[in-house]
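The values are calculated or read from the model by the stated rules, or taken from the named source; none is laboratory data. From a predicted model like this one, the values you see are computed outputs, not experimental measurements. Positions of Cβ are generated from backbone atoms using ideal geometry, with glycine treated the same way; all protein chains shown enter the neighbour counts. Keep in mind that these areas ignore ligands, DNA and RNA; they rest on the heavy atoms of the full protein, side chains included. Shrake-Rupley method; radii C 1.70, N 1.55, O 1.52, S 1.80 Å.
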Amino acid sequence: MRLRAFAKINLGLDILGKRDDGYHEVRMIMQTIQMYDVLEIQRSKSPGISLVTNLPYVPSDERNLVYKAAKLLMDEFHVEEGLSMRLDKSIPVAAGMAGGSSDAAAAFVGVNRLFGLGLSEQELMNRAVKVGADVPYCIMRGTALAEGIGEKLTWIPQVPRCFVLVGKPGVNVSTKMAYETLKLKSITCHPDIDGMIENIKNGDLYGMVSKMGNVFEPGIIGRYPVIQEIKNLMEANGALKAMMSGSGPTVFGIFDDADKMAAAAAVLRESHLAKTVFATEVYNRNGGFTNDK
Ligand code: ATP
């Protein structure tokens, strides 16, 4: 079974406060994009879980979220058979694009189907939060409002068709560090998440883009000015708006025209500001998870 695990961007990211348990209360507009890792899974004769990945620096043992997801389901349903998995990563790692969470989501869906466990999408999502706050969204995909710690999801109609240029600089930002350096009291400018949802419902791409905002940006850009340079380059080359995704450092630019985006991608590649440059578009929820490519 071959599954695509799609990356996400945050069109809006707001943080409302810190809970007593240490987690932050968020309000985010999540959007899947057509950039994906591929997870191949099959039954194996030897019991247990085996995983190989194409990247030497991504763990292939129980620290990998794919492994955690598969093990969680297989333990609960006492699956005695073995599972063999191969993960080919294209989504940049530790980049604010939920790569690991999306891989885990693919593992939930794949194991459920492979062993005929019969769980509904909602039942998978209820278990997925144990692996990570973004994993339920990565099972749902498309456009959504994520609240709570990211696991309370409300479906939103799909965004108007638009093109997305992804630029990941050669620095890594851990989500943990991003939260630790975030000063909640100094957040003076909160993105208008509700206004953005209205724009999306009305199919108003320009209104939506005008409200994009991410409260992580000032702190992370202060440390890594290359993020601002990539934003400036994208906006000078036709992006309606460019913004950091999640806790960074990946920047994405939204374009209303594919040719403009292709030209901006060429300029970004030549600049060497970004290690990964990828031109794509939003992914709306109309495809299946498995055997779909
Ligand atoms: P998010 O947008 O959810 O914050 P991220 O882009 O910051 O995600 P990931 O790419 O998911 O971060 O990975 C962060 C860390 O998790 C990596 O440093 C890696 O060691 C570990 N990890 C575990 N499983 C995976 C996986 N399947 N793919 C990538 N990294 C993984």
Report summary line: Only unsatisfied item for Leu165, checking (1) open to solvent by less than 60 Å² (accessible area, probe 1.4 Å); (2) at pLDDT 95 or above; (3) not in a strand (DSSP E or B), is (3)
Query raised in the report: Do we have any residue at all in region 112-126 that's at pLDDT 95 or above, assigned to a helix (DSSP H, G or I), of a type in the set (Asp, Glu) and in contact with a Leu (Cβ under 8 Å, 6 or more places away or on another chain)?
Result: no
Report task. Could you tell me whether any residue of region 68-77 is in contact with a Gly (Cβ under 6 Å, 6 or more places away or on another chain), open to solvent by 40 Å² or more (accessible area, probe 1.4 Å) and within 16 Å of the ligand (Cβ to nearest atom)? Result -> no
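Results for (1) open to solvent by 20 Å² or more (accessible area, probe 1.4 Å); (2) farther than 29 Å from Phe216 by Cα, shown as yes or no for each residue.
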position	(1), (2)
Gly99	no, no
Val111	no, yes
Leu119	yes, yes
Arg127	yes, no
Ala133	yes, no
Report task. Using the structure shown, decide if Leu240 is away from the ligand (no atom under 15 Å from the Cβ), open to solvent by less than 10 Å² (accessible area, probe 1.4 Å) and at pLDDT 95 or above. Result -> no
Report task. Find the residue count for region 84-109, including only residues that are within 9 Å of the ligand (Cβ to nearest atom), under 10 Å from Cys138 (Cα atoms) and aliphatic (A, V, I, L, M). Result -> 2
Query - strands (runs of 3 or more DSSP E) wholly inside region 1-65 containing at least 2 residues that are open to solvent by less than 10 Å² (accessible area, probe 1.4 Å) - result: 2-18, 24-44
Report task. Inspect all residues belonging to region 48-63 and state whether any of them is in contact with a helix residue (DSSP H, G or I) (Cβ under 7 Å, 6 or more places away or on another chain), near the ligand (Cβ under 7 Å from one of its atoms) and not charged (D, E, K, R). Result -> no
